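Let me begin by presenting the structure, written as structure tokens, before commenting on it.
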Amino acid sequence: MTLQRIERLQSELADDQGLYVTNLINVRYLCGFTGSNGALFVTKNSATLATDSRYEIQSANQTIGVEIMIGRNLSELLLRGQPQREVLVEGDDISVNALKALKDSNSKMSFLETDGVIEQLRSVKDQSEMQSIRAACQISTQALSDILPKVQVGLTERQVRDLLENRMRELGADDIAFASIVAGGPNSAIPHHEPTTRELSSGDLLKIDFGAKVDGYHADCTRTFVMGKPAQWQVELHQAVAQAQAAGRSTISSVVDYSSVEDAVNASLAETGYREFFTHGLGHGVGLEIHEEPFFSRNRAGKIAKNTVITIEPGAYLPERGGVRIEDTVAVTMQGHENYTEFSYELIEL
């Protein structure tokens, strides 16, 4: 698959261009190398990885179809001896000083900062990527299902977090995808709350935002529960968010644009009176990073490409009372989507 990714990039380069890749996630995406020090130089007809001697064996084992150069000065290894050409650099990754040093030591070349060239390629997943994300999501939802019978009044947010994260690892996750959010009672009204030693109490809403990581790929899922019997306002709040999230899922496909999904969610929340309490973006791409392109808020006018893996995560947060978020990771298809994080949408009583 990595050869196909490099070929996709090469098809976008002119004959006299080369892309100097320094973002390690993009290096991994293109050639499979996972070391902590490396750079890749891709031209129309070649791809070369440079790393240091610590990774000589690892780079040979992990990569296919790229030349490997070993040394300390990665830019010198990759650019020395190159014919005069335009060198594209990753503007979001390279510092001002590093770019100046490149220009000073390679005077025969011109350098041009780019923005998101590889990130845009990464936004459409290939089959191996979707397989890894699907596996991460399956571990995530299974872990949540497994630990819910153990969640009870008196446990702290951190204890619930530990139960969930340990179970994901037991089920085969390489790691957690991000620091899990476990938020009880009034803390559930904080969109990105960090778990504390607060104990869960009867009547608390309990928001859990979590995910596993498999083969470097992330999962992202959120569900909201209630400790014991819910109050009427909690039922209404949860129903409103669940209805809005369902509207987003029923709208999304590769023949609609991002704004159509956002509009469906916002209209649903407006109808139930909770739109003003939805205070963050609707969703983001998921892959080698937990938050990556595409983002709903940045792409309103564009069509959603087939095989985009993205979250749909509306929420409504009532300050000092409680909040609800429901989030799925979905893969976009021509007909709609495949939901990687299938789990109940009911307000489950714990």
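List of remarks:
- Selection count, region 6-21, where residues are outside any loop (DSSP other than H, G, I, E, B) and either touching a strand residue (DSSP E or B) at 6+ places or on another chain (Cβ under 7 Å) or not assigned by TED's automatic domain parsing to the domain that holds Gly91 (or both): 8
- Odd one out for Asp328 among (1) at positive phi; (2) crowded, with 24+ Cβ neighbours inside 10 Å; (3) under 18 Å from the mean Cα position of the chain (by Cα): (1)
- Subset of region 292-314 (residues that are assigned to a loop (DSSP other than H, G, I, E, B) and under 16 Å from Ser132 (Cα atoms)): Asn307
- Yes/no for Gly285 being touching a residue at least 60 places away in the same chain (Cβ under 8 Å) and not hydrophobic (A, V, I, L, M, F, W, C): yes
- Conditions (1) surrounded by fewer than 24 Cβ atoms within 10 Å (Cβ to Cβ); (2) in a strand (DSSP E or B): number failed by Gly172: (2)
- From the list Ala173, Ala183, Ala189, Ala219, the lone residue that is among the small types (Gly, Ala, Ser) and either closer than 19 Å to Gly285 by Cβ or within 14 Å of the chain's Cα centre (by Cα) (or both) is Ala219.
- Extreme residue, nearest to Gly91 (Cα to Cα), among residues of region 23-61 that are among the polar types (S, T, N, Q) and crowded, with 18+ Cβ neighbours inside 10 Å: Asn26
The values are calculated or read from the model by the stated rules, or taken from the named source; none is laboratory data. Because the structure is predicted, anything quoted here is derived from the model rather than measured. Note that each Cβ is placed from the backbone with ideal geometry, even for glycine, and that neighbours are counted across all protein chains shown.
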